[in-house]
Amino acid sequence: MIDTLRNRVAEEEEEEEPMKPLPHHYDVHLTGEASGYAQLSAPGIPELRTHSPADYDGPGDAWSPEHLLMAAVEACLLFTLRAVAKLSKIEFTALEVNGVGTVNREEGVTRFTEIVLRPRLTVPAGTDHERARRVLEKAEKACLVSASLSTPIRMEPEIVETGR
């Protein structure tokens, strides 16, 4: 679904480069030692220092795999929303997302058991809030990162108008 959305948006905007044909490949490299921080790198992207989170006796001062997963879900929501909103002809001026991922043990496996997203979508005055909410929900369903996870994702959206 996201591919169709992106292709349609690209067709409508000649000045933007269309999505490249599938499949896409994302090469990431990790370098680390027996203890301490690790470095993530990818071609053309600044390196990122990573470590386990404080909950797993890490220092708590670097991006952890758990934080990166949550960041991927939230960023994907924004980028997908841009495409869905454009196709739906609904404007928004900002999106802020607070997300909480719960890690727990189920059936002997430690995993993310729930992700709660609390997006705050700012729209121009006079925007139909219910329609904006539907567009936001459609974007969450179309997000390729969320669609790749088996973890349930619950949204608690808030729609506000510019200046409020």
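Just so it is clear, none of the values below were taken in a lab; they were calculated from the coordinates. In this text, all values refer to a predicted model and were calculated from it rather than measured experimentally. Cβ atoms come from the backbone with ideal geometry, glycine included; neighbour counts cover every protein chain shown.
Annotations
- Rounded to the nearest 20, the size of the Cβ-charge dipole of the range 40-112 about its Cα centre is 420 debye, with Lys and Arg at +1 and Asp and Glu at -1.
- Dipole axis of the chain (+1 Lys, Arg; -1 Asp, Glu on Cβ), positive-most option in Pro21, Phe112, Val123: Val123
- With N as its number of residues, the chain has a Cα radius of gyration that, divided by 2.2 N^0.38 Å, comes to 1.19.
- Helix-only [θ]222 nm of the chain, DSSP H runs n ≥ 4, -39500 (n - 2.57) each, per residue, nearest 500: -10500 deg cm²/dmol
- Extension gain, Arg82-His25: 0.36 nm per intervening residue step, less the Cα-Cα distance, totals 18.3 nm.
- Mean Kyte hydropathy of -0.5 or more with a Cα span along the axis of at least 30 Å, helices from DSSP in the chain: 65-88
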